[in-house]
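S.K.: Here you go, one structure.
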Amino acid sequence: MAFEYFMNMEKLSLTIVNNYLLYMTDNNYEDDVFLKMDELTNNIENGFVIITQLSCFFESFLNTIINACIDYNGELLLKCSVEEKIELIFMHYKKDWAVIKGQNSWSIYKKTTRVRNEMIHFKKTYIGDGSGIPNFKLGGQWVADFFTKKNMTEMSNGYLRLTELIAASLGLFIFKDIDIFEDGLVNYVYDEKTINIDESRYK
């Protein structure tokens, strides 16, 4: 029997996040004022990959709902913003997504998005004068506190909680143990009403 194999971007992004977390540390300070150049550089490099992949993870999650759960085969909805996609998805399921906006996981999404956007659209940033690098802000966040292993772990967990909350609100399921390459019987997020398989494998 032949299978059709597909790549799951959600799993790929989460795998990358977990791999890059291993290289991060929690101590960016040289002393109470100045930052360790090497430590900070390492944490920003790895942290930037993490928040970029978390963004990919979340958008892939929404796209999977649109493609697989709603069974939409066009391109127009996939070009909408994240918030527009969420509104359309909740509208389809006749649910109100206002409750999502009040959750800490949504605040985490908004915070990381601001940092990511400022870095992607980076403009010259004045940091300060002196004999060392003082703490400074990117996207409204102090880099010494934002780009740490502990905080990046919290950001990752926040994104996972956000997707779990959205799925639960819509009556959808998440296949947490899915492989990056799967035989196509199920996606990372799925609607059990649209698949005809043994769902006990995936819950």
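S.K.: Here is a list: THR41, THR52. Which entry is hydroxyl-bearing (Ser, Thr, Tyr), in contact with a helix residue (DSSP H, G or I) (Cβ under 8 Å, 6 or more places away or on another chain) and more than 18 Å from PHE181 (Cα to Cα)?
M.R.: THR52
S.K.: In this structure, does THR41 turn out to be surrounded by fewer than 20 Cβ atoms within 10 Å (Cβ to Cβ), of a type in the set (S, T, N, Q) and within 12 Å of the chain's Cα centre (by Cα)?
M.R.: When the stated conditions are applied, THR41 does not pass them.
S.K.: Can you name the residue in region 87-113 that is farther than 14 Å from SER169 by Cα and basic (Lys, Arg) and, of all such residues, is most open to solvent (accessible area, probe 1.4 Å)?
M.R.: Checking each candidate, the answer is LYS110.
S.K.: Could you go through region 133-149 and let me know if any residue there is basic (Lys, Arg) and more than 16 Å from ILE44 (Cβ to Cβ).
M.R.: Checking region 133-149: not a single residue is basic (Lys, Arg) and more than 16 Å from ILE44 (Cβ to Cβ).
S.K.: Which ones in region 1-27 are among the aliphatic types (A, V, I, L, M), within 18 Å of the chain's Cα centre (by Cα) and either at positive phi or open to solvent by 60 Å² or more (accessible area, probe 1.4 Å) (or both)?
M.R.: Once the filter is applied, which keeps residues that are among the aliphatic types (A, V, I, L, M), within 18 Å of the chain's Cα centre (by Cα) and either at positive phi or open to solvent by 60 Å² or more (accessible area, probe 1.4 Å) (or both), region 1-27 yields MET7, MET9, LEU22.
S.K.: What number of residues in region 164-203 are closer than 28 Å to VAL99 by Cα, charged (D, E, K, R), part of a loop (DSSP other than H, G, I, E, B) and at pLDDT 80 or above?
M.R.: 3
S.K.: While we're looking at this one, here's another question. In region 21-129, which helices (runs of 4 or more DSSP H) lie fully inside it and hold 3 or more residues that are touching an Asp or Glu at 6+ places or on another chain (Cβ under 6 Å) and at pLDDT 95 or above?
M.R.: Numbers: elements: 37-64, 82-92, 98-101, 104-120.
Here the list reads 37-64.
S.K.: Next up: Tally time: how many residues in region 45-71 are in contact (Cβ under 8 Å) with a residue 24 or more places away in the chain, open to solvent by 20 Å² or more (accessible area, probe 1.4 Å), within 18 Å of LEU172 (Cβ to Cβ) and of a type in the set (A, V, I, L, M, F, W, C)?
M.R.: Residues flagged as in contact (Cβ under 8 Å) with a residue 24 or more places away in the chain, open to solvent by 20 Å² or more (accessible area, probe 1.4 Å), within 18 Å of LEU172 (Cβ to Cβ) and of a type in the set (A, V, I, L, M, F, W, C) within region 45-71 amount to 1.
S.K.: How do the pairs read when you match residues in region 72-86 that are of a type outside the set (Ser, Thr, Tyr) with residues anywhere that are not in a helix (DSSP H, G or I), using Cβ under 9 Å and keeping only pairs 6 or more apart or on different chains?
M.R.: The qualifying pairs are LEU77/ILE70; LEU78/TYR72; ILE86/TRP97.
S.K.: Of all residues in region 130-163, count the ones that are part of a helix (DSSP H, G or I) and under 30 Å from ILE65 (Cβ atoms).
M.R.: Matching residues across region 130-163 total 14.
The values are calculated or read from the model by the stated rules, or taken from the named source; none is laboratory data. All figures in this text were calculated on a predicted structure; none of them were measured in a lab. Ideal geometry is used to build each Cβ from the backbone, glycine not excepted, and the neighbour counts take in all protein chains shown. When the accessible area is computed, the model is the full protein with side chains, heavy atoms only, and any ligands, DNA or RNA have been set aside. Shrake-Rupley method; radii C 1.70, N 1.55, O 1.52, S 1.80 Å.
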